[in-house]
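See structure below.
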Amino acid sequence: MDSLDPRTLPQPIRDELLAPDPAAIDTSAKELRDGLNHCPKCGSTEVRHRPGTDRLICLYCRHEWVATRVEEAFGLGEGIADLRGTQIGSGARDMAADATSLRSYKCGGCGAEVVINTATAMTARCHWCRHVLGVNEQIDDGAVPDAVLPFQVKKDDAVARIRQFVNKRRLFALKAFKDEFTPENVVGVYLPYMVVDARGNADAAGFGEIETRRYTRGEGKNKQTYYDADVWRVQRHVDFTVDDLPLESSARRGNLDTRSNTHNVINTILPFDTKNAVTWNASYLVGYTSEKRDRDVQHLMPRLQDQMLSIARAQMQPSVQRYDRSVRWEHERIDLQGTRWVSMYLPVWLYAYHQPGPDGGLRHYIAVNGRTGETMGSVPVQQWKLILVALSIGTVVEALALWFIAR
Amino acid sequence: MDGDAILLMLALGPASAAGFYWAMHRHYRNTDKSHAFEHETAVEVLALTGVEADRKVDEIRATRAPRIQGDNVGNHRQRVQPM
């Protein structure tokens, strides 16, 4: 059988066939290997993230150091306007279909086999010799990202912010929620995100109206306002770049349907100062849990296009201010010229409360941004109490209205 | 007081009850909140064109609507027909 000549194919298919493979930016930490993370000064494996800073500290010799910022190490903040095609960080590559989360590592201290469940943790302590092991090499299950943004907000601060948030919402809060409220149970979690730089151009077309005359007709209670207006055909084109747009790379966290979950409150505490993210080192995750990503670039592309289109529409808005009766956009289009995808673990303090109910109930989250301290949450409502007070207010207002009518 | 005004006054009770419930529910559950990526992301506009091509195509006389029908200029997340 003759092989297909690309020149005979339609243009879009030909472009697809001839396009270069997505270029990978190699962000793997070559100096780190799976297993023991040693202090560069004394060789101890008792390495921790120093709370409130971006530094690592050796608990044995107190030596402190900081990993390199990915922004500078890989030039991620530069050349967004020149982006072409899809560039993917090596930690953001597609996950292998048969990849498992349970990984077995040989302890460098004693040779024991230690299992780490990369779905929830990236470090473990050897049960024989007590050395701390970390997953540092970028494995095919997507658990090791390109970069990590260390926690800066300490646990005490997160607890205080959650308590303050709930104290403003006590009156109508579910009684069981108030009784069981223990913000000290807040958990530090590194959640998976794709941070995207992109260049795109967008078009929108529609109609705008400019008021030319305003007048009233009728007398007394029949007096009504009328408007005359000019109708204009409006079209805008915007060519723009976006720097560090974060997208949830977990299918569960990316589902923002507020009827079935409260993940929108975690979405609300975005953005993070992702410019300060550092190259991967599993030691940053000691003492915290982590959630593995389960979405690849191809899954997130429609969401990126949607958000880029929304950003484009927002950028067009100032240019249509002259249409004082506003604009109705009827058609739109986005074309992404280039994108750069970097996977990151971002720090979130999460307090959760499960409210029983039909279909498994609802898990309410209160989330604190581990860098900025921005706090948002969902507090379950004692429905009968809120309805009773609302009806009482309605009754009082209605009584006042009746008194006013009868007067 | 005419009939319309009386009806309006009578509607105040149910409206205030529903309004209070809605406002409090939103304050507690924050179901309307999400990341304002349109305004909180670093965006650089390289070119914005089309202003010079706007054309007047029609006139409207004596409408009672104070705004254009289907105004969506501020609703950036509402998707419209693809071009």
Checklist entry - In region A:139-150, is there at least one residue being surrounded by 14 or more Cβ atoms within 10 Å (Cβ to Cβ) and in contact with a Cys (Cβ under 7 Å, 6 or more places away or on another chain)? => result no
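Can you tell me which of B:Glu59, B:Glu44 is assigned to a strand (DSSP E or B), among the acidic types (Asp, Glu), at the interface with chain A (Cβ under 7 Å from one of its Cβ atoms) and more than 24 Å from A:Val242 (Cα to Cα)? Step through it out loud before you land on a result.
Values: B:Glu44 fails: more than 24 Å from A:Val242 (Cα to Cα).
Matching residue, one of B:Glu59, B:Glu44: B:Glu59.
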Checklist entry - On the given criteria, is A:Tyr345 touching a strand residue (DSSP E or B) at 6+ places or on another chain (Cβ under 9 Å), among the aromatic types (Phe, Trp, Tyr) and modelled with pLDDT of 95 or more? => result no
Checklist outcome for this item: The lone condition A:Glu71 fails out of (1) assigned to a loop (DSSP other than H, G, I, E, B); (2) modelled with pLDDT of 70 or more is (1)
Next on the checklist: Take A:Asp294 and tell me if it is farther than 23 Å from A:Met376 by Cα and within 14 Å of chain B (Cβ to nearest Cβ).
Outcome noted: no
Checklist entry - Does region A:308-315 include one or more residues that are over 19 Å from the mean Cα position of the chain (by Cα) and over 17 Å from A:Asp243 (Cβ atoms)? => result yes
Next on the checklist: I need a count of the residues in region A:204-230 that are crowded, with 19+ Cβ neighbours inside 10 Å and within 17 Å of B:Asp54 (Cα to Cα).
Outcome noted: 6
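So if I check each of A:Thr279, A:Thr289, A:Thr262, A:Thr258, which one is within 10 Å of chain B (Cβ to nearest Cβ) and touching a residue at least 12 places away in the same chain (Cβ under 8 Å)?
Every option except A:Thr262 fails the conditions.
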Item to check | region B:38-54, subset touching a Ser or Thr at 6+ places or on another chain (Cβ under 9 Å) and not β-branched (Val, Ile, Thr), residue nearest to A:Ala204 (Cα to Cα) | outcome: B:Gly50
Item to check | Test result for B:Pro66, without any contact (Cβ under 8 Å) to a residue 60 or more places away in the chain and more than 23 Å from A:Val238 (Cα to Cα) | outcome: yes
Checklist entry - For residues in region A:236-255 being facing another protein chain (nearest Cβ under 7 Å) and among the hydrophobic types (A, V, I, L, M, F, W, C), which is surrounded by the fewest Cβ atoms within 10 Å (Cβ to Cβ)? => result A:Phe240
Checklist entry - Can you tell me how many residues in region A:314-368 are closer than 30 Å to B:Lys56 by Cβ and hydroxyl-bearing (Ser, Thr, Tyr)? => result 3
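The values are calculated or read from the model by the stated rules, or taken from the named source; none is laboratory data. What you see is a predicted model, and the numbers here were worked out from it, not measured in a lab. Quick reminder, even Gly has a Cβ in these numbers, built from the backbone with ideal geometry, and neighbours come from all protein chains shown.
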